[in-house]
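Taking it in order: structure first as structure tokens, then the write-up.
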């Protein structure tokens, strides 16, 4: 009986600790959005900055808006969630550890498989 109670209590603890409040994007969705925003920044840094006529700030905003549209979230929803994760270091660490693992997995998969 004690073992069963311990297992249930532990399961509830982990379930509660991984949940986020209503209106906050779940970690898996945040991971994918942040990953694509980082990729957008890399594109800006590697290619757009070399174009002396480009308005880098406008291009960055456009790319960010495209990422938000892909995931069907508003800029406000994303930044509200981002702020939440920053204010909760334990959840933020899990998010960014997951993001790092996700990035490493994507690097190890051949390009054809990623598309």
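Every number in this text was worked out from the coordinates using simple rules, so none of it is lab data. Keep in mind that this is a model prediction, so the values were computed, not measured. So basically every Cβ, Gly included, is an ideal-geometry build from the backbone, and we count neighbours across all protein chains shown.
If R0 is 41 Å, what FRET efficiency do you get for residue 96 and residue 52 from their C-beta distance, rounded to 0.05? Walk me through the intermediate numbers first.
Numbers: r = 34 Å, r/R0 = 0.83.
After rounding, the FRET efficiency stands at 0.75.
Distance in nm between label sites at residue 61 and residue 79, each 7 Å beyond Cα in the beta-carbon direction?
1.2
Between residue 22 and residue 107, what FRET efficiency comes out of the Förster formula 1/(1 + (r/R0)^6) with R0 = 30 Å and r the beta carbon distance, rounded to 0.05?
In this case the efficiency is close to 0.30.
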